Amino acid sequence: MDHAEVPQADIADVPTSFDDSVVLLDVREDDEWARGHAPGARHIPMGEVPARLAEIDAGARLYVICQAGGRSQRVAQYLADNGYAPINVSGGMLAWAGAGRPVVTDAGGAGTV
């Protein structure tokens, strides 16, 4: 089966705020998410994505992120094969934090990657 080509976004090209029309999907595990994530990101761990596809708006501009870019690439490929148009965030949360962007916990405090 031919896979759709998944575009890659450098961190500089990724928005800093998200809403219904622009989604940052964080596919890391629960413990990684709990340590720190991008404000406004949606969290669906990689292994749960197939069962939770209905939660992902196919009409939104969809960025997929993980720790370094590997898992998000695989999820983005899966989403692309299922009719979505995802963009993989190159470098993941390491690049996000490295660019000086905020990382928060669920409680709203400062998080870590």
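The values are calculated or read from the model by the stated rules, or taken from the named source; none is laboratory data. Model, not experiment: these values are computed from the prediction. Glycine also receives a Cβ, built like all others from the backbone with ideal geometry; neighbour counts cover every protein chain displayed. Remember, those area values only see protein heavy atoms, side chains included, never the ligands or the DNA or RNA. Shrake-Rupley method; radii C 1.70, N 1.55, O 1.52, S 1.80 Å.
Remark: segment 8-99 carries 44 Å² of accessible area per residue (probe radius 1.4 Å; ligands, DNA and RNA excluded). For the chain, the longest principal axis of the Cα atoms and the long axis of helix 70-81 meet at an angle of about 40 degrees. Counting only protein heavy atoms and a probe of 1.4 Å, the accessible surface of segment 8-99 is 50% carbon and sulfur. The slack in the chain from V104 to A51, taken as 0.36 nm per residue of separation less the alpha-carbon distance, amounts to 16.4 nm. Taking label positions 7 Å along the Cα-Cβ direction at both D10 and D81, the computed distance is 3.0 nm, reported to one decimal. Taking label points 7 Å from Cα along the Cα-to-Cβ direction, H3 and S17 give a separation of 3.5 nm. Among the listed options [x] 14.6, 41; [y] 12.9, 44; [z] 13.8, 44, the one matching Rg and Dmax of the Cα atoms in Å as calculated from these coordinates is [y].
Here the Gaussian network model covers the chain, with springs between Cα atoms less than 10 Å apart; of G91, G100, G59, G100 fluctuates the most.
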